[in-house]
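**Student:** My questions all concern the structure below.
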Amino acid sequence: MFFGDRNTAQHRMTRLYELRLVERFRPLRQGRGGEYHYVLDQLGAYVVAVMANRDPDREVKVRWRTDQALSIAMSQRLAHTVGTNDLFVRLVAAARHDPAAQLVTWWGERYCKAVLGEVVRPDGLGVWQEADRSVTFCLEYDRGSEPLGRLAAKAADFARLEAAWGVAFWVLVVVPGPRREAGARAALSGEGLAIATTTQPGAVRPTDAVWAPLDADGTRLRLIDLAGWPRSAASTARLAEAARLAEAAHYRRAGQWSEEAS
């Protein structure tokens, strides 16, 4: 995210580990130790809490257990979490080299669950901006371990979110390879959502022309160009209905306020 040189990044992380700001582990891969993975240590959690505290006079309290953070080392979701975070990290890195670009919003999986969990639980949510254009997206990082029917069911949940939220978002789906991508595109086609797919090798360049909308017939677009891609009739209708309901609710609230004021 912040270093262009791998060795520099490794040396910096080693120093943070020596200062007890982070803890680290090496997951076993085929009997061999993999690369170091890092989580916050207790002191690092305090530093993050202080940085997020807007009131300098308020006491900072942290509920943090490093042993719980390290439990991801043995989790089957480790690769999924790393892959999901990697896409957002690469967007932040791309913005460092383009003054007109910015990852305006990054919601992690846990925050998405807290805010949207009653409707759908994406792996992440972001807003990517270049100059005067922006695209809002929900991320689905698929490692090919679940049946495609799960993706189809989640598409229906995203359609419910679109109708309730009224935001013209895209669902970005990352899959392991071309065969899985073809299956995922077929499974996701029933709800008329704005969906674009790519493979894991393509996701290492998330701002490039690697995203294939469902109705693009093989065309792959840059991430920002999804902002101008036409939406389906079903998606347009859901967004229009959501806007109508929001406007009606606004006028009801305004009328209630007027009656109370009088």
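**Student:** With the condition kept exactly as written, say whether any residue in the stretch 54-69 is more than 20 Å from V127 (Cβ to Cβ), within 21 Å of the chain's Cα centre (by Cα) and not in a loop (DSSP other than H, G, I, E, B).
**Tutor:** Yes - at least one qualifying residue is present in the stretch 54-69.
**Student:** Find the residue count for the stretch 227-246, including only residues that are part of a helix (DSSP H, G or I) and within 22 Å of G126 (Cα to Cα).
**Tutor:** 8
**Student:** Determine whether G83 is closer than 15 Å to L226 by Cα and of a type in the set (G, A, S).
**Tutor:** So G83 does not fit the description; no.
**Student:** For the stretch 95-106, does any single residue satisfy the condition of being closer than 21 Å to S189 by Cβ and without any contact (Cβ under 8 Å) to a residue 60 or more places away in the chain?
**Tutor:** No, that holds for no residue.
**Student:** Is it the case, given these coordinates, that F3 is farther than 19 Å from D67 by Cβ and in contact with a helix residue (DSSP H, G or I) (Cβ under 7 Å, 6 or more places away or on another chain)?
**Tutor:** Taking the combined requirement at face value, the residue satisfies it.
**Student:** Here is a follow-up. Out of everything in the stretch 1-60 that is of a type in the set (A, V, I, L, M) and in contact with a Gly (Cβ under 6 Å, 6 or more places away or on another chain), what residue ends up being surrounded by the fewest Cβ atoms within 10 Å (Cβ to Cβ)?
**Tutor:** So, considering only residues that are of a type in the set (A, V, I, L, M) and in contact with a Gly (Cβ under 6 Å, 6 or more places away or on another chain), the one surrounded by the fewest Cβ atoms within 10 Å (Cβ to Cβ) is L21.
**Student:** Which of the residues that make up the stretch 11-35 are within 22 Å of G83 (Cα to Cα), touching a residue at least 24 places away in the same chain (Cβ under 8 Å) and either outside any helix (DSSP H, G or I) or among the polar types (S, T, N, Q) (or both)?
**Tutor:** Listed by number, the residues that qualify are E23, F25, P27.
**Student:** For Q76, only one of the following conditions fails: (1) among the polar types (S, T, N, Q); (2) assigned to a helix (DSSP H, G or I); (3) modelled with pLDDT under 90. What is its number?
**Tutor:** (2) is the only condition that Q76 fails.
**Student:** Which members of the stretch 6-50 meet the condition of being of a type in the set (K, R) and closer than 18 Å to D67 by Cα?
**Tutor:** Those that are of a type in the set (K, R) and closer than 18 Å to D67 by Cα: R20, R24, R26.
**Student:** Given the residues D217, D208, which is the only one that is over 24 Å from E130 (Cα atoms), in the same structural domain as Y141 (by TED's automatic domain parsing) and surrounded by fewer than 20 Cβ atoms within 10 Å (Cβ to Cβ)?
**Tutor:** D217
**Student:** Between T197, T219, T207, which is closer than 30 Å to V89 by Cβ, assigned to a strand (DSSP E or B) and modelled with pLDDT of 90 or more?
**Tutor:** One residue alone meets the criteria, T197.
The values are calculated or read from the model by the stated rules, or taken from the named source; none is laboratory data. Here the structure is a predicted model, which is why all the values come from computation and not from measurement. For neighbour counting, all protein chains shown are included, and Cβ atoms are generated from backbone atoms with ideal geometry for every residue, glycine included.
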